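Student: What follows is a structure written as structure tokens; I'll ask about it next.
The values are calculated or read from the model by the stated rules, or taken from the named source; none is laboratory data. Since we're looking at a predicted model, the values are computed, not measured. Note: ideal-geometry Cβ built from the backbone for every residue, glycine included; neighbour counts use all protein chains shown.
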Amino acid sequence: MIRASHIGLLVLAAVILAGCSPGSGVPRPSSGASSSATTSTASSAVPYAGAPKVANPLPVSTLSGDPCADGLTADQTKTVFGQVESGQRKDDPVLGSNCEWSNPDTGALLSVTYDSTHDGLSSVYRGNKPRAIVWHETSIQGFPAAAHLTNLSGPKDTFCVVSVGIADSASVDIGLTLSRAKVGKSDPCAVNTQIADMVIGNLRQKAGS
């Protein structure tokens, strides 16, 4: 069930995303980890690269499930996107489990990735922050987060990734592409931060937090 405190966020997101027009798809969020060879070494010393420590982490096992089932509820996707198809799982051997939602009529697109690099936000700070054209550090329900974009991801008025650290060695990436109709009218990072709040709320509920 959607928490009462999130109703306002859902309504606002619905207003913004419902009018999205067809796009080319949501680029897979980059965790900044270019090689899995350093994963075991880096993860033993997280956080690093200036990433903040997660004060009250969720169990890493919270991300062991299916992002299509855990990321957003059916009611949430319907509220945000209107009529929407079931999420499509597209796992990445490096980045982790990924789910993408889209509305074939409006073209609204959203991606949720459970990072499997075991570096948490550290990989984002190492790989994405130095080349970011958009970088905004924030907090979502007490968990450190960063809204970011590189020039390889897409236009800054169209696409944004929000990465949230649920533990020092675990994070979630939420990627959002706005439609051409909304370019210049809505900030994709602001909208995506609201959607990330829904995802983290669901994961907290899963973890019993």
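Student: State yes or no: is Leu109 crowded, with 20+ Cβ neighbours inside 10 Å, touching a residue at least 12 places away in the same chain (Cβ under 8 Å) and under 24 Å from Ala74 (Cα atoms)? Walk me through how you get there before you give the answer.
Tutor: Numbers: crowded, with 20+ Cβ neighbours inside 10 Å: yes; touching a residue at least 12 places away in the same chain (Cβ under 8 Å): yes; under 24 Å from Ala74 (Cα atoms): yes.
Judged against the criteria, Leu109 is a match.
Results for (1) farther than 15 Å from Val164 by Cα; (2) within 16 Å of the chain's Cα centre (by Cα); (3) in a helix (DSSP H, G or I), shown as yes or no for each residue.
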{"residue": "Lys53", "(1), (2), (3)": "no, no, no"}
{"residue": "Leu58", "(1), (2), (3)": "no, no, no"}
{"residue": "Thr62", "(1), (2), (3)": "no, yes, yes"}
{"residue": "Thr79", "(1), (2), (3)": "yes, no, yes"}
{"residue": "Glu85", "(1), (2), (3)": "yes, no, no"}
{"residue": "Cys99", "(1), (2), (3)": "yes, yes, no"}
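Student: So Ala69 clears everything in (1) surrounded by fewer than 20 Cβ atoms within 10 Å (Cβ to Cβ); (2) within 23 Å of Val124 (Cα to Cα); (3) hydrophobic (A, V, I, L, M, F, W, C) except one condition, right? Which one?
Tutor: Among (1) surrounded by fewer than 20 Cβ atoms within 10 Å (Cβ to Cβ); (2) within 23 Å of Val124 (Cα to Cα); (3) hydrophobic (A, V, I, L, M, F, W, C), Ala69 violates only (2).
Student: A further question follows. Mind checking which residues of the range 112-128 are part of a loop (DSSP other than H, G, I, E, B) and either surrounded by 24 or more Cβ atoms within 10 Å (Cβ to Cβ) or of a type in the set (S, T, N, Q) (or both)? Walk me through it before giving the result.
Tutor: Keep residues of the range 112-128 that are part of a loop (DSSP other than H, G, I, E, B), which gives 116-120, 128.
Correct list: Ser116, Thr117, Asp119, Gly120, Asn128.
Student: Filter the range 188-204 down to the residues that are of a type in the set (A, V, I, L, M) and more than 16 Å from Asn56 (Cα to Cα), then identify the one that is surrounded by the most Cβ atoms within 10 Å (Cβ to Cβ). Spell out the reasoning first.
Tutor: If we filter the range 188-204 for residues that are of a type in the set (A, V, I, L, M), which is where we start, we get 190-191, 195-196, 198-200, 203.
Checking the rest, the ones that are also more than 16 Å from Asn56 (Cα to Cα) come to 190-191, 195-196, 198-199.
Working: Ala190: 14, Val191: 22, Ile195: 24, Ala196: 26, Met198: 24, Val199: 22.
Once the filter is applied, the top-ranked residue is Ala196.
To keep it simple, each residue is scored yes or no on (1) under 15 Å from the mean Cα position of the chain (by Cα); (2) assigned to a helix (DSSP H, G or I); (3) farther than 21 Å from Ala69 by Cβ.
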site: Pro130; (1), (2), (3): no, yes, yes
site: Ser153; (1), (2), (3): yes, no, yes
site: Cys160; (1), (2), (3): yes, no, yes
site: Ile174; (1), (2), (3): yes, no, no
site: Gly184; (1), (2), (3): no, no, yes
site: Ala190; (1), (2), (3): yes, yes, yes
site: Thr193; (1), (2), (3): yes, yes, yes
site: Ile200; (1), (2), (3): yes, yes, no
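Student: Also, I was wondering about something else. Report whether or not Ser139 is free of Cβ contacts under 8 Å to residues at least 60 places away in the same chain, within 18 Å of Gly65 (Cβ to Cβ) and surrounded by fewer than 23 Cβ atoms within 10 Å (Cβ to Cβ).
Tutor: Answer is no for this residue.
Student: Of everything in the range 165-187, what is closer than 20 Å to Ile133 by Cβ and either crowded, with 24+ Cβ neighbours inside 10 Å or at pLDDT 95 or above (or both)? Give them in sequence order.
Tutor: Of everything in the range 165-187, those that are closer than 20 Å to Ile133 by Cβ and either crowded, with 24+ Cβ neighbours inside 10 Å or at pLDDT 95 or above (or both) turn out to be Asp173, Ile174, Gly175, Leu176, Thr177, Leu178.
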